[in-house]
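Worksheet: the structure to be examined is printed underneath.
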Amino acid sequence: MGTLILNLKNNREFFGERAVYLAKISESVAYNTKTEIIIAPATPYLGFLTSKTQTKVYCQGVDASSKGTAAITLGAIADAGASGTFLNHSDAPTGVILLERMISSVKESGLESAVFTSRPVEAVRIAASDPTFIIVEDPALIGSNTAISTERPEFVSYVLDAVRSAGYKGRFLVGAGIRSGEDVRAAVKEGADGVAISSGISGQLDKLREKLLELARPLGG
């Protein structure tokens, strides 16, 4: 079973009930294609979305410190019903030493972690901490119309080989520029267990089911 992660960022297109609409369609698509779909909504809607859907929901990030106004804590996202959290996203990078501690803290909280990276050496360090997902991206391709899986397949396979050689047995995903079923197939061909997308579903509100089916089918089974 492959995994499709939908990062909604702070896209107003998927605020409130529209996030629920996406989640309900995701439930149906996941069932029919035998895939896992995870949604990371805008943080203010985290608890709202978990109360409305059976689809697995992740937080888009967590703060290293639980102190201070506006800190997003592991306890808070767990109480909100989230199943896991992103770490080291390109929008909120974390130094590798702190990142290793955060992965450990996420595990201790009973949550899953999806850790982003664009550097092979960092990916190997992350692998040693055994997060739920390692997601490799190319920052230059994020938000573009060019998929990492088709533009840089050798990079995807190189990082995958590196983390597997380091003993990582978790799930390896790719992100950046993924927009079509062909992009997903290319990722799977290189050995990926799934993909993470954001802009790939933007502007698709009127045809979400068709788009999600297109993206999920190559991951099914």
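Looking at segment 113-135, I want the residues that are within 11 Å of ALA166 (Cα to Cα) and have a partner that is of a type in the set (D, E, K, R) and surrounded by fewer than 24 Cβ atoms within 10 Å (Cβ to Cβ) with Cβ atoms under 6 Å, at least 6 apart or on another chain. Which pairs are those? Taking only residues 6 or more apart or on different chains, the pairs are SER129/GLU100. For segment 10-97, the helices (runs of 4 or more DSSP H) that sit wholly inside it and include 3 or more residues that are in contact with a Lys or Arg (Cβ under 9 Å, 6 or more places away or on another chain) and more than 20 Å from ILE135 (Cβ to Cβ) are 17-33. Condition check: surrounded by fewer than 18 Cβ atoms within 10 Å (Cβ to Cβ), in contact with a Lys or Arg (Cβ under 9 Å, 6 or more places away or on another chain) and without any contact (Cβ under 8 Å) to a residue 24 or more places away in the chain. Does GLU108 satisfy that? It is false that GLU108 is surrounded by fewer than 18 Cβ atoms within 10 Å (Cβ to Cβ), in contact with a Lys or Arg (Cβ under 9 Å, 6 or more places away or on another chain) and without any contact (Cβ under 8 Å) to a residue 24 or more places away in the chain. SER113 meets each of the listed conditions (1) more than 14 Å from the chain's Cα centre (by Cα); (2) at pLDDT 95 or above apart from (1).
In segment 175-209, of all residues being in a helix (DSSP H, G or I) and of a type in the set (Val, Ile, Thr), the one that is farthest from LYS9 (Cα to Cα) corresponds to VAL188. When VAL159 is tested against (1) more than 25 Å from LEU8 (Cα to Cα); (2) part of a strand (DSSP E or B), just one condition goes unmet, and that condition is (2). Every test in (1) of a type in the set (Gly, Ala, Ser); (2) modelled with pLDDT of 95 or more; (3) assigned to a helix (DSSP H, G or I) is passed by ALA140 save one, and that test is (2). Criterion applied to GLY194, GLY170 was being in contact (Cβ under 8 Å) with a residue 12 or more places away in the chain, crowded, with 21+ Cβ neighbours inside 10 Å and within 28 Å of GLU108 (Cβ to Cβ), and the one residue passing it is GLY194.
Within segment 9-18, can one find any residue that is exposed (fewer than 15 other Cβ atoms within 10 Å of the Cβ), more than 24 Å from GLY175 (Cα to Cα) and touching an Asp or Glu at 6+ places or on another chain (Cβ under 9 Å)? For segment 9-18, residues exposed (fewer than 15 other Cβ atoms within 10 Å of the Cβ), more than 24 Å from GLY175 (Cα to Cα) and touching an Asp or Glu at 6+ places or on another chain (Cβ under 9 Å): absent. Keeping to segment 136-146, report how many residues are in contact (Cβ under 8 Å) with a residue 40 or more places away in the chain and touching a helix residue (DSSP H, G or I) at 6+ places or on another chain (Cβ under 6 Å). So the count comes out to 1. Checking each residue in segment 191-200 for being modelled with pLDDT under 95 and touching a helix residue (DSSP H, G or I) at 6+ places or on another chain (Cβ under 6 Å) picks out no residue at all. I'd like to verify a number: residues in segment 53-99 that are surrounded by 17 or more Cβ atoms within 10 Å (Cβ to Cβ) and charged (D, E, K, R), how many? Going through segment 53-99 one residue at a time, the tally reaches 1.
What about ARG101, is it among the basic types (Lys, Arg) and within 27 Å of GLY143 (Cβ to Cβ)? For ARG101, the condition - among the basic types (Lys, Arg) and within 27 Å of GLY143 (Cβ to Cβ) - is not met. When PHE172 is tested against the conditions (1) within 18 Å of the chain's Cα centre (by Cα); (2) part of a helix (DSSP H, G or I), the lone failure is (2).
The values are calculated or read from the model by the stated rules, or taken from the named source; none is laboratory data. Everything numeric in this text was worked out from a predicted model, so none of it was measured. Please note: Cβ atoms are built from the backbone with ideal geometry, for glycine as well, and neighbour counts cover all protein chains shown.
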